[in-house]
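Just below is one structure, and these are the notes that go with it.
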Amino acid sequence: MEYKMKPAYKGYKAYEYLEEGKDFPKFEWADWDWAGRHVVELEPEQEARVAELLAKYPYVSVHDHPTLFPKDVTSKQNIDNVMRNGREMTAYEALAYSNIDCVFDNQLDGVNIISSPGGWKWIDIIHDLGMRLCDLAHQDFIIHCKTVDDIFAAKKAGKIAMVFVVEGAAPIENEVDRIDILYGLGVRQLGVTYSESNALGNGCKEVHDGGLTMFGKQCVERMNKVGMLIDVSHCGPQTAYDAITYSKKPIIMSHVGAKGVWNTKRMASDEMIQAVAAKGGVVGIEAAPHTTMSKTKMTHDLDSFMEHFEYVKNMVGIDHVGFGVDCLYGDHVGVHHAFAQALSIAATSKTGAEYEEVPYVKYLENPTESSWNIIRWLVKHNYSDEDIAKVIGGNAIRVLQEVWA
């Protein structure tokens, strides 16, 4: 495979309108392809088919963190200093090498510790969003995506539409109007909870789940009214189910896997997957390290990830599944180790099974590599053009046309 860059990208680097080391601290950032560039091998006719599909159909990642992380993530002090800096570095060059037409950017979210080691503070979320939007305003390769038309326009121009997302609703505290504020600032998707509980309901790490609160129902209703896509990926099962049933519009589980393949709290039960599909929503399959594993090889790789995809597809149909790989640019396993407590990894990924840990998820290590290989796997496994078009973006766009309208 030849590594081609989108021609609309002209070389812009994050915050290059400022002077690094003077206007903001200088840090050593990871190479986006630090683990190598891994590509599923195809026959020439399959390569041609991949190119035709990508030219014709939009590629949408419904959950990612497409920013650079520091090179050294082994030192907690170093990575904390970088996160507290408050300038998240969009990986423009890496994204330019991708097949992505639209990416849902979940920002710092759980590692946003600008003013508090506990994270998730309203002022910090707004700070993060404002800095990113200021940076985007100084370039023309990434388009701030607010409508479905923006996705099609970006694809036509060879650019990328970026949807801003807040992964968990803790920052809105008890202020339902903050949903309107986030929408006004261009956020188009909001998670009901992260793994921890908040005023809306319970997160998936809790032992007991009381479901969506009265305030949570008010927030679901408000999100429906303003046109905010609702995500229940990190919710406790009852909270997620309540949000699905209470919402008048389709919802999304943007980055999960199936408990039927790998039984942890972060994976979704058959009943939950069926509820999302019955509402007209989409289940996005994730690839963050050591999440979507399977018992086939007892490790995390492209095949285990696609085992989750096929499990969901076989249960609810091709119209209700997509991909939210939940990746970043840098040592993702190292980031998980550094922020294990903040990200509730032990509580949500605990399993009694012994498995082989990986230093990185080959073929899915970052948003760019994932965008190369998901479609290649689908072509290699003889999926039809129609089905590929749906899962790489069509299903997500169908939901957005209903919710964002």
Quick one: is Val358 outside any loop (DSSP other than H, G, I, E, B) and either crowded, with 20+ Cβ neighbours inside 10 Å or touching a residue at least 40 places away in the same chain (Cβ under 8 Å) (or both)? no
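Would a scan of segment 319-336 turn up a residue that is in a loop (DSSP other than H, G, I, E, B) and over 18 Å from the mean Cα position of the chain (by Cα)?
Checked segment 319-336: no residue is in a loop (DSSP other than H, G, I, E, B) and over 18 Å from the mean Cα position of the chain (by Cα).
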Which of the residues spanning segment 269-288 are open to solvent by 10 Å² or more (accessible area, probe 1.4 Å) and not hydrophobic (A, V, I, L, M, F, W, C)? Ser269, Asp270, Glu271, Gln274, Lys279, Gly280
Consider segment 1-20. How many of its residues are assigned to a loop (DSSP other than H, G, I, E, B), open to solvent by 60 Å² or more (accessible area, probe 1.4 Å) and over 28 Å from Asn373 (Cα atoms)? 3
Residues to consider are Arg178, Arg266, Arg222; find the one that is of a type in the set (Lys, Arg), out of contact with any Asp or Glu (no Cβ under 9 Å at 6 or more places or on another chain) and open to solvent by 10 Å² or more (accessible area, probe 1.4 Å). Arg178
Restricting the search to segment 153-175, which residues are among the hydrophobic types (A, V, I, L, M, F, W, C) and open to solvent by less than 10 Å² (accessible area, probe 1.4 Å)? Ala154, Ile160, Ala161, Met162, Val163, Phe164, Val165, Val166, Ala169, Ile172
Please indicate, with yes or no, whether at least one residue in segment 233-242 is open to solvent by 50 Å² or more (accessible area, probe 1.4 Å), of a type in the set (Ser, Thr, Tyr) and in contact with a helix residue (DSSP H, G or I) (Cβ under 7 Å, 6 or more places away or on another chain). yes
Just checking, how many residues over segment 39-82 are without any contact (Cβ under 8 Å) to a residue 60 or more places away in the chain and either in contact with a Pro (Cβ under 7 Å, 6 or more places away or on another chain) or outside any helix (DSSP H, G or I) (or both)? 6
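Yes or no, residue by residue, for (1) hydrophobic (A, V, I, L, M, F, W, C); (2) at positive phi; (3) open to solvent by less than 20 Å² (accessible area, probe 1.4 Å):
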{"position": "Asp319", "(1), (2), (3)": "no, no, no"}
{"position": "Gly322", "(1), (2), (3)": "no, no, yes"}
{"position": "Asp331", "(1), (2), (3)": "no, no, no"}
{"position": "Val335", "(1), (2), (3)": "yes, no, yes"}
{"position": "Ser344", "(1), (2), (3)": "no, yes, yes"}
{"position": "Ser349", "(1), (2), (3)": "no, no, no"}
{"position": "Gly352", "(1), (2), (3)": "no, no, no"}
Yes/no for Val207 being open to solvent by 40 Å² or more (accessible area, probe 1.4 Å), at negative phi and out of contact with any helix residue (DSSP H, G or I) (no Cβ under 7 Å at 6 or more places or on another chain): yes
May I ask you to verify whether Val176 is over 22 Å from Leu18 (Cβ atoms), of a type in the set (A, V, I, L, M, F, W, C) and over 19 Å from the mean Cα position of the chain (by Cα)? yes
Can you find even one residue in segment 338-345 that is assigned to a helix (DSSP H, G or I) and over 17 Å from Leu42 (Cα atoms)? yes
Segment 63-98, subset more than 13 Å from Thr368 (Cα to Cα) and of a type in the set (D, E, K, R), residue least open to solvent (accessible area, probe 1.4 Å): Glu88
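Suppose the filter is touching a Leu at 6+ places or on another chain (Cβ under 8 Å) and small (Gly, Ala, Ser); does Ala14 pass it? Give the derivation first.
Values: touching a Leu at 6+ places or on another chain (Cβ under 8 Å): yes; small (Gly, Ala, Ser): yes.
Yes.
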Can Glu206 be described as assigned to a loop (DSSP other than H, G, I, E, B) and either among the aromatic types (Phe, Trp, Tyr) or farther than 16 Å from Asp109 by Cβ (or both)? yes
Which listed residue is touching a strand residue (DSSP E or B) at 6+ places or on another chain (Cβ under 6 Å), farther than 30 Å from Asn224 by Cβ and not hydrophobic (A, V, I, L, M, F, W, C), from Asn373, Asn382, Asn366, Asn395: Asn366
Just a yes or no: is a residue in segment 117-138 modelled with pLDDT of 95 or more, in contact with a helix residue (DSSP H, G or I) (Cβ under 7 Å, 6 or more places away or on another chain) and surrounded by fewer than 21 Cβ atoms within 10 Å (Cβ to Cβ)? yes
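The values are calculated or read from the model by the stated rules, or taken from the named source; none is laboratory data. All values reported here derive from a predicted model rather than from experimental measurement. Ideal geometry is used to build each Cβ from the backbone, glycine not excepted, and the neighbour counts take in all protein chains shown. Protein only, heavy atoms only, side chains kept; ligands, DNA and RNA dropped before computing areas. Shrake-Rupley method; radii C 1.70, N 1.55, O 1.52, S 1.80 Å.
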